[in-house]
Structures are given as C-alpha cells and as structure tokens.
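Before any comments, here is the structure.
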Amino acid sequence: MGTVVITGASAGIGAAAARALAAERPTVVLCARRRERLEAISKELGNAEVIALDVRNAKAVRTALEGEPFDIVLANAGLGRGVDKLAAGDPEEWSEMLDTNVKGLLHTVRATLPAMLERRTGDVVLLGSVAGRQVYPGGNVYCATKHAVRALYEGLRLDHVGSGVRFTTIDPGMVETEFSLVRLRGDAEAAKRVYEGMTPLKPEDVADAILYAVTRPRHVNVGEIVLWPVAQASTWLLKRS
C-alpha cells in the first residue's frame, strides 16, 4: 500500500480511515476545509500531509491533486442539510449538498483517476450510503445525491473495466459522527436524539471496511460493502430500546 489521499479527512469516517490506513504504513494526504483539524490528525499520525481543500472548487482540486501518484483515493467528503419535505426545502442547502456530495466527488475522481489509469493500478473508494439504495421521509435531496454516488460508482466500473484500477463503494447506515449535528443545523440535542435507544455504527467500523477492501489481492475487487447497525433494518425502520 502506497500513497493515500482522503477528502473530508478532518473528522468522522475520514479521520478514522486516515488512522486505519496510516497503520498500514502508507503516506497519507489529508484534505478538508478545516486546516487546524487536519494538522491535529497529522500530528497524531506522524507522517500525514495536510491540504486545506474545498472539494466544491474544481480548480483548487485540480491544482492540489492532479497528476499525483496516488495508490488509493478515498472520496469521503459529504454532508446532509435539513430534513424538510421537498416543498419546504432550502435551495441553497440543496446546492451545498449537490456541490459537495456529487460534484465534489466528480472533481476528486477527475483529478486523480487519469494517473491511476496510466499506471494501470490503484483503488478508488467512494463513500456512499444506504441512502443511495433506499429513500426515506425528509431525505429527498440528500438521498438523491447518494443515489448519484451509486450511479457514478457503477459508471466507473463500466467505463474502466480491465484498466487495473479497482472501484469500491462503501455504503453505511447510521454512523455516529458530526453528520446529524451538521444536518440539523447545529442543534446538539436533536442530533443526540437521532441515536437514542440504539447502537449506531462507529466511524472505526466503516474505516475497517475500507481497509479490508483496499488490502485484498490485486485480482480481487470488493465492489460494494453495505454496513448496518444491528438495530437498523432499513433507512427508516429502527428498533429502539
């Protein structure tokens, strides 16, 4: 395992993945908007490069990542905003989700994939969601972005079959991170209630799945991994104590 680049690496699944992958002794490049958080993680890991980067900015992504010899690209940056019904939704929040979750992923892959194709090796890992497989009330636009991630994963596999590059989508259910706090516009009490009465996944659980996928023998492509908490049967059906 060589050089890894992770977007959205400042917290949650991205930070957990950085720790898991760094344990395998690659060079890790951490990308996110919050430089101070990246620097703290880099100090912890001891060998990580930090790039303050907003994946919504195509030019900035190209400048930072294009042509670099990455062995693993983890396109993890993403967010949810709001749980309103579509008719009451905020178009600015829709744009933020689309620009980050879909266009940000496209910018990341477009900048990094050509060098992998030229070397005929590498792993592109997309952070999807079970929301890309099932829609739930209030999920509308967020679910649409994750359905787009799933479509892009399938398109990458078809477009680049036989290239030597492996493509993987990791699709978790409920993971306890800052996701709900961001989605609920900073309401800490409401975010805490999302996980009450059940045991959600931890970021480390998802990081472990990512590590598994990228450490298989090169002839093996773990294409799709779906992770659910035991208490979650679908995107909307939970068993709470």
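Values quoted throughout were computed directly from the atomic coordinates according to the rules given, and no laboratory measurement underlies them. What you see is a predicted model, and the numbers here were worked out from it, not measured in a lab. Don't worry about glycine lacking a Cβ; one is built from the backbone with ideal geometry, like all the others, and counts go over all protein chains shown.
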Next item on the list: Residues being of a type in the set (A, V, I, L, M, F, W, C), under 18 Å from Thr112 (Cβ atoms) and part of a loop (DSSP other than H, G, I, E, B): count how many of those fall in segment 1-12.
Entry: 2
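Looking for whichever is within 29 Å of Val73 (Cα to Cα) and buried (at least 16 other Cβ atoms within 10 Å of the Cβ) here; the options are Ala231, Ala207. Which one fits?
Of the residues listed, the single one that is within 29 Å of Val73 (Cα to Cα) and buried (at least 16 other Cβ atoms within 10 Å of the Cβ) is Ala207.
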Note to self: Criterion first (part of a loop (DSSP other than H, G, I, E, B) and closer than 23 Å to Thr145 by Cβ) does Gly186 satisfy it?
What the structure shows: yes
Notebook entry, point to check: Which members of segment 13-39 meet the condition of being under 23 Å from His107 (Cα atoms), part of a helix (DSSP H, G or I) and not charged (D, E, K, R)?
Noted result: Ile13, Gly14, Ala15, Ala16, Ala17, Ala18, Leu21, Leu38
Next item on the list: State whether one or more residues within segment 228-238 are farther than 30 Å from Val4 by Cβ, touching a strand residue (DSSP E or B) at 6+ places or on another chain (Cβ under 8 Å) and outside any loop (DSSP other than H, G, I, E, B).
Entry: yes
Margin query: Among the residues of segment 123-144, what is the count of those that are farther than 13 Å from Ile170 by Cα and surrounded by 24 or more Cβ atoms within 10 Å (Cβ to Cβ)?
Written below: 1
Item checked: Identity of the residue in segment 40-59, outside any loop (DSSP other than H, G, I, E, B) and among the charged types (D, E, K, R), that ends up nearest to Val73 (Cα to Cα) -> Glu49
Margin query: Looking at segment 2-54 only, could you name the residues that are exposed (fewer than 15 other Cβ atoms within 10 Å of the Cβ) and of a type in the set (A, V, I, L, M)?
Written below: Ala23, Ala40
Item checked: Close pairs (7 angstrom Cβ cut-off, 6 or more residues apart or separate chains): more than 17 Å from Val28 (Cα to Cα) in segment 45-61, assigned to a loop (DSSP other than H, G, I, E, B) and among the aliphatic types (A, V, I, L, M) anywhere -> Val55/Ala77; Ala60/Leu53
